[in-house]
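For reference, the structure is listed below as structure tokens.
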Amino acid sequence: MGYVFKIKPALRTWAIEYAIRDIVEASKEAKKLGKDLIYLNIGDPVQYGFTTPPEVVESACKALKKNFNSYSDSVGIAPAIEAIKNYARKRGIEPVDVYITQGTSEAIEFAISALVNPGENILLPCPCYPLYQAIIAKFGIEPRFYYLEEEKNWEPRIEDVEELIDEKTKAIVIISPNNPTGAVYSREVLEQIIEIAKRHNLVIFSDEIYDQLVLDSDKKNISIASLSRDVVVVTFNGLSKCYFAPGFRIGWGIVSGPEEVVKDYVEAIHKLARARLCAPHPLQFAIPKALNGKNTYVKKVIHLLKKRRDLIVEGLNQIPYISCVKPEGAFYAFPRLHIEGISDLDFVKRLILEEGVVVVHGSGFGQKPGTKHFRIVFLPEEKVLEEALERIEKFVKRLVR
């Protein structure tokens, strides 16, 4: 006899959404209709023609051939950990601990779940990379959002942050260079966040996966952990973006701050690492090769990305009812819609179905009430971006005529 009832999923899955991937369903429908799709929704540089540096690939291949195919130490192999520590020190961070994970996503999940209990809260930027909302929904943690100010190049609205804090607040998340806005936070803003963390004994989670992708020569990405050794910071990074190896699924967390203060927390993270055995062993050998080299490839990429950034921002700002703040880092823009009578989700779905331009709705990242946005990736070649802009303009003019 077969089942007589439906299997009910766990309650923890009900609130989990991931807008970047979820929008793919609309694109599948458009493809069935025969639309020629331009994918500007996923920040995977390899899918847009960028390549993993050969020396990084070769280091992983050598490890595979040498049969480093067993489990590794749960927190990572020694040469990779040492390379990460050296990389951190060059940026002014004094690491207390390093743990290597299956992608930066796992590093973030370990750091959050080892610190925050169900019913407690952490502070998230709004808009925010949706992985964070998915993780905290899974663990029953309350999100409290502080706004990024569009009119101030998407830097955090610091005066709002402290008002969100209570006795159950455990941490504050910052993402710089930022996904989805492309903002690169100033030293002044980072120092203000440090002071707030000091006053309220908060851990800072600093997502720096795009740290080398700063597009303007007058801007510099500053690691917040380099500004104070009195505050506990977990800095996240990996090989996905700046080393063009998202499929390697290699990331890490760097814990810094007073050693005695973080001792038990570090052990809690290590427990989680041991429970899942290890990150991919042979691919960890790519870390020293990547971090100890000069990464000349990323310098060439920045030149291309800056041209593509300027093209997409200028083009968007010429389209009626759209405005766009120029991103300073990463490879995303977060333009604003000034169109009445349609939500950003419906705008994006119709844009995909009618014009085949696949972007992500701003509400999937969070946004200030009363505003509407979408995220667009500017990784493709200029001719592809130009075609996308033409289609977006045609769609907007048809929508508001």
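Scanning segment 43-52 for residues that are surrounded by fewer than 15 Cβ atoms within 10 Å (Cβ to Cβ) and either in contact with a strand residue (DSSP E or B) (Cβ under 8 Å, 6 or more places away or on another chain) or on the phi > 0 side of the Ramachandran plot (or both) gives GLN47, GLY49. Taken residue by residue, segment 231-238 has at least one member that is over 17 Å from GLY92 (Cβ atoms), buried (at least 22 other Cβ atoms within 10 Å of the Cβ) and not hydrophobic (A, V, I, L, M, F, W, C). One residue stands out in segment 356-401 among those that are surrounded by fewer than 16 Cβ atoms within 10 Å (Cβ to Cβ) and free of Cβ contacts under 8 Å to residues at least 60 places away in the same chain: the one that is farthest from the chain's Cα centre (by Cα), namely ARG401. If you filter segment 101-153 down to residues that are over 28 Å from ARG336 (Cβ atoms) and of a type in the set (A, V, I, L, M), you find that the one that is nearest to the chain's Cα centre (by Cα) is ALA107.
Rundown of residues vs (1) farther than 20 Å from THR235 by Cβ; (2) touching a Gly at 6+ places or on another chain (Cβ under 7 Å); (3) among the hydrophobic types (A, V, I, L, M, F, W, C), yes/no style:
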site: ILE136; (1), (2), (3): no, no, yes
site: GLU155; (1), (2), (3): no, no, no
site: GLU163; (1), (2), (3): yes, no, no
site: ILE172; (1), (2), (3): no, no, yes
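Within segment 301-333, the set of residues being hydrophobic (A, V, I, L, M, F, W, C) and not in a helix (DSSP H, G or I) comprises ILE319, ILE322, CYS324, VAL325, ALA330, PHE331, ALA333.
Here GLU29 clears all of (1) in contact with a helix residue (DSSP H, G or I) (Cβ under 7 Å, 6 or more places away or on another chain); (2) modelled with pLDDT of 95 or more except the condition numbered (2).
Can you pull out the strands (runs of 3 or more DSSP E) entirely within segment 91-177 that have at least 3 residues that are of a type in the set (A, V, I, L, M, F, W, C)? Steps first, please.
On the way: elements: 95-102, 121-126, 142-149, 169-175.
Of the strands (runs of 3 or more DSSP E) lying wholly inside segment 91-177, those with at least 3 residues that are of a type in the set (A, V, I, L, M, F, W, C) span 95-102, 121-126, 169-175.
The single condition among (1) aromatic (Phe, Trp, Tyr); (2) at positive phi; (3) surrounded by fewer than 18 Cβ atoms within 10 Å (Cβ to Cβ) that PHE139 does not satisfy is (2). Filtering segment 53-91 to residues that are of a type in the set (A, V, I, L, M), surrounded by fewer than 18 Cβ atoms within 10 Å (Cβ to Cβ) and in contact (Cβ under 8 Å) with a residue 24 or more places away in the chain leaves VAL57, LEU64.
Conditions tested, residue by residue: (1) of a type outside the set (A, V, I, L, M); (2) without any contact (Cβ under 8 Å) to a residue 40 or more places away in the chain; (3) surrounded by fewer than 20 Cβ atoms within 10 Å (Cβ to Cβ).
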{"position": "GLN192", "(1), (2), (3)": "yes, yes, yes"}
{"position": "GLU208", "(1), (2), (3)": "yes, yes, no"}
{"position": "LEU215", "(1), (2), (3)": "no, no, no"}
{"position": "LYS220", "(1), (2), (3)": "yes, yes, yes"}
{"position": "LEU227", "(1), (2), (3)": "no, no, yes"}
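The values are calculated or read from the model by the stated rules, or taken from the named source; none is laboratory data. What you are looking at is a predicted structure, and each value in this text was computed from that prediction instead of being measured. Reconstructed Cβ throughout: ideal geometry from the backbone, glycine too, with neighbour counts over all protein chains shown.
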